[in-house]
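Working notes, structure below.
The values are calculated or read from the model by the stated rules, or taken from the named source; none is laboratory data. Predicted model only: the values in this text are computed from it and were never measured. Cβ placement follows ideal geometry from the backbone for every residue including glycine, while neighbour counts extend to all protein chains displayed. To get the accessible areas, we keep the full protein, side chains included, count just its heavy atoms, and leave off ligands, DNA and RNA. Shrake-Rupley method; radii C 1.70, N 1.55, O 1.52, S 1.80 Å.
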Amino acid sequence: MPGIQATYLGMPLQLADLDHENLEYFKHCAAHDFHLQRCAACGLVRYPPTTGCPWCASPKSEWVKVEGKGTVHSYTEVHHAIQPAFKTHTPYLVLLVDLDTQKGKPDPQAALRVLGNLATPDGKLAPKEMVEKVGVGTRVRMVFADVAAGLAIPHWTIDESATQPAKPWRYPA
Ligand SMILES: [Zn+2]
C-alpha cells in the first residue's frame, strides 16, 4: 500500500507506506466505517491500531466493524490553538470517548477510549454553542471528516437519538 500525504485544516498529515495498521484503519474511516483490530488469540478489540495485542502480545488480529457510539469520559476545551490554522475554530473540544463496545473489559475500569474533536454531524469542528453543551457523560456518535483518498478523520458529534444526562459535568469556568 502506498503512503498518504494530505493536509487537514492547514496541518500536514502523513501516513508512511510501512504503517500498515494505520493505513488500514484510515482506509475504513475513508469509507465512513469504524473498524478496529480484534486479537486472534484473546479476542479483545484494541485501540489505537498497533502491531501487537496490548493484553496478550499476540501479533495476530483481524479487522472487525465496531459501533461508533460512546460516552464522553473526559475532554479538553482548547482556547489557544497550537496549530495556527485552528485559531479560527477556537474554542473547540478534544474528546476522550469510552466506546460502548467492550466497556468494562478486561477489567471494570477499562474501556476503548477513542480521541476525536467535537464536530457537527457533517464532520466540521463544532461551533461554540455546541461546544458549551458537551461535557463528561454526553452521549456521542462517530462522524468522519474527509481529507484525502484513503484518509478520513473520525470525530464525535452529539448523539441526537440517545438519552442525554440532564447536566453533563463541565470544568468550572
Ligand atoms: Zn490478545
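What the table below lists for this structure:
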{"read-out": "Pairwise FRET efficiency - Met11 versus Ala173, Cβ, R0 = 30 Å, nearest 0.05", "value": "0.60"}
{"read-out": "For Cys53, net neighbour charge (Lys/Arg +1, Asp/Glu -1) across residues whose Cβ lies under 10 Å away", "value": "+3"}
{"read-out": "DSSP beta bridge pairing in the chain, given as percent antiparallel to the nearest 5", "value": "95"}
{"read-out": "Residue with peak Gaussian network fluctuation, the chain [Cα springs, cutoff 10 Å], from Gln14, Gln109, Gln37", "value": "Gln109"}
{"read-out": "Surface share of carbon and sulfur [accessible, 1.4 angstrom probe, percent] for region 1-84", "value": "54"}
{"read-out": "With at most 16 other Cβ atoms within 10 Å, longest stretch of the chain clear of loop trypsin sites (Lys or Arg not before Pro) (DSSP)", "value": "1-59"}
{"read-out": "Nearest-20 debye value, the chain charge dipole, Cβ charges on Lys, Arg, Asp, Glu", "value": "380"}
{"read-out": "222 nm mean residue ellipticity, helices alone, for the chain (DSSP H n ≥ 4; -39,500 (n - 2.57); rounded to 500)", "value": "-2500 deg cm²/dmol"}
{"read-out": "Lysines whose Cα lies under 19 Å from that of Lys167, excluding same-chain neighbours fewer than 8 positions away", "value": "Lys128, Lys133"}
{"read-out": "Positive-pole candidate from Ala110, Leu99, His79, dipole of region 57-122, charges at beta carbon", "value": "Ala110"}
{"read-out": "His32/Asp100 FRET efficiency (R0 22 Å; Cβ-Cβ; nearest 0.05)", "value": "0.75"}
{"read-out": "The chain: relative contact order as a whole-number percent, Cα under 8 Å and 6+ apart", "value": "20"}
{"read-out": "Spin-label pair Glu24/Gln83, simplified geometry with 7 Å Cα→Cβ offset, distance in nm", "value": "2.6"}
{"read-out": "Cysteines not pairable in the chain (beta carbon separation under 4.7 Å absent)", "value": "Cys29"}
{"read-out": "Residues of region 1-114: accessible area per residue with a 1.4 Å probe, Å²", "value": "55"}
{"read-out": "GluC sites (Glu not before Pro) restricted to DSSP loop in region 1-104 with at most 13 other C-beta within 10 Å", "value": "Glu67"}
